[in-house]
Amino acid sequence: MDDWLSATGPAVLVTVAIVEGSGPRECGAKMLVDATRVWDTIGGGHLEHRAIETARAMLAGARPRHFERYALGPSLGQCCGGVVHLAFELLDAAQAALLGQRRQDDSWRVVAIDGAADSALFDGDGRWLAGSRPPVFARDRGAYVMQEPDGRRWLVDPVFAPRAHLVLFGAGHVGTAIVRALAHLPCNVTWVDERDDMFPPQVPANVTVEASDVPEALVAAAPAGASYLVMTHSHALDQRLTEAIMARPDVGWFGLIGSKTKRRQFEHRLHARGVDAARIDAMVCPIGLAGITNKAPAVIAASVCAQLLTVWDAMQRTPDASMRIMAKPAAAITERV
């Protein structure tokens, strides 16, 4: 995700500015093109092929920007059938570097489509950071094209920090596989284990390692609405972490690795400690998608990550849900004791 922020050298940034009807990607999707390479995607197919050709022609001719409408069905033969408008711009290396430094903070790009070549960068609260000073823009929507009374158009393009945060307890085989599977997904991961030697020497850029003798402290330190996965080497530690997570009122989602037998044991202990029944019911154990029974770590990781993406997508669409434990998904059956 956001691989275009890591690119160097002359390149053209292609952004989906308008989608009418059905399109292969949403407004704000990006692709970066240089003379030999492509980062990210605007959906593939003939549309992407044409966009790459246009971007490289811009590089060869040093054109600063371009804006084009593509009818996917009539002109490109794609079955989506909608209309997509693409904004092309020579990459502003300084602004890309600043955005790269701000990966954990919301930002807004505002780029002129017509008239003089102008662009600006703002923080999530609308405060100007760099570039020119374009007209006031709306921050209550995603990427869109804004038009001034004189007809001049601007691409308003949010670059949001990842909303999803996972606190993962356990650096065993399954935890390691989950970290690998989440490496290029829009989330931040805090990876916790008491055993420092269990962590690999290199971890993905979206992962922070915490080798802590008191892993329960990382529950309290997590942001509101975070998701939690507990899969440590010790059932006793799993129990302590579960109780700490249940003590927080603002948990987004909580999954505990284990069998149905383990769930019943934990339910009994939580009820004995006075934990609200609705909170216990929301605990996801076993974890994973229904119908996937293979217990290989990589398979469990794929299943759990798909489950997390479902939860995070629901949180994006209903923000209030990120401030409470989510309802338990139906019949997850991946079991490990």
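The values are calculated or read from the model by the stated rules, or taken from the named source; none is laboratory data. Quick caveat: nothing in here was measured; it's all calculated off a predicted structure. Neighbour counts are summed over all protein chains in view; Cβ atoms, including those assigned to glycine, are modelled from backbone coordinates with ideal geometry. For the accessible areas, the whole protein counts, side chains as well, though only heavy atoms, and no ligand, DNA or RNA atoms are used. Shrake-Rupley method; radii C 1.70, N 1.55, O 1.52, S 1.80 Å.
Can you tell me which residue among Leu72, Leu99, Leu86 is in contact with a helix residue (DSSP H, G or I) (Cβ under 7 Å, 6 or more places away or on another chain), farther than 17 Å from Ala143 by Cβ and open to solvent by less than 30 Å² (accessible area, probe 1.4 Å)? Step through it out loud before you land on a result.
On the way: Leu99 fails: farther than 17 Å from Ala143 by Cβ; Leu86 fails: farther than 17 Å from Ala143 by Cβ.
On inspection, the qualifying residue turns out to be Leu72.
Name the residue that is surrounded by the fewest Cβ atoms within 10 Å (Cβ to Cβ), counting only residues in segment 1-21 that are in a strand (DSSP E or B) and not charged (D, E, K, R).
Ile18
State which residue is surrounded by the most Cβ atoms within 10 Å (Cβ to Cβ) when the search covers only segment 35-62 and only residues that are among the small types (Gly, Ala, Ser) and touching a Lys or Arg at 6+ places or on another chain (Cβ under 7 Å).
Gly43
If I go through segment 32-70 residue by residue, how many of them are at pLDDT below 90 and either part of a helix (DSSP H, G or I) or more than 24 Å from the chain's Cα centre (by Cα) (or both)?
Residues flagged as at pLDDT below 90 and either part of a helix (DSSP H, G or I) or more than 24 Å from the chain's Cα centre (by Cα) (or both) within segment 32-70 amount to 6.
Where residues in segment 175-221 are within 15 Å of Asp238 (Cα to Cα), under 23 Å from the mean Cα position of the chain (by Cα) and β-branched (Val, Ile, Thr), which of them is surrounded by the most Cβ atoms within 10 Å (Cβ to Cβ)?
Val192
Where residues in segment 274-313 are farther than 23 Å from Cys187 by Cβ and in a helix (DSSP H, G or I), which of them is least open to solvent (accessible area, probe 1.4 Å)?
It comes out as Ile280.
Could you check, for segment 143-154, whether at least one of its residues is touching a Ser or Thr at 6+ places or on another chain (Cβ under 8 Å), farther than 27 Å from Pro223 by Cβ and part of a loop (DSSP other than H, G, I, E, B)?
Applying the first criterion (touching a Ser or Thr at 6+ places or on another chain (Cβ under 8 Å)) to segment 143-154 yields 143.
When the remaining residues are screened for being farther than 27 Å from Pro223 by Cβ, the result is none.
Within segment 143-154, not a single residue is touching a Ser or Thr at 6+ places or on another chain (Cβ under 8 Å), farther than 27 Å from Pro223 by Cβ and part of a loop (DSSP other than H, G, I, E, B).
Tell me, please, whether a residue that is assigned to a loop (DSSP other than H, G, I, E, B), in contact (Cβ under 8 Å) with a residue 24 or more places away in the chain and either closer than 17 Å to Ala226 by Cα or of a type outside the set (A, V, I, L, M, F, W, C) (or both) can be found in segment 128-135.
yes
Within the group Asp105, Asp157, which residue is farther than 30 Å from Met198 by Cα, open to solvent by less than 50 Å² (accessible area, probe 1.4 Å) and touching a residue at least 40 places away in the same chain (Cβ under 8 Å)? Write out each step before concluding.
Numbers: Asp105 fails: open to solvent by less than 50 Å² (accessible area, probe 1.4 Å).
Being farther than 30 Å from Met198 by Cα, open to solvent by less than 50 Å² (accessible area, probe 1.4 Å) and touching a residue at least 40 places away in the same chain (Cβ under 8 Å) holds for just one of Asp105, Asp157, which is Asp157.
Can you report the number of residues in segment 155-203 which are out of contact with any strand residue (DSSP E or B) (no Cβ under 7 Å at 6 or more places or on another chain) and not in a loop (DSSP other than H, G, I, E, B)?
Count: 8.
Pairs only if they're at least six apart or on different chains, beta carbon under 6 angstrom, first in segment 20-41 and under 16 Å from Glu89 (Cα atoms) and free of Cβ contacts under 8 Å to residues at least 60 places away in the same chain, second open to solvent by less than 60 Å² (accessible area, probe 1.4 Å) and among the polar types (S, T, N, Q); list them, first residue then second.
From segment 20-41, the pairs are Lys30/Thr15; Met31/Thr41.
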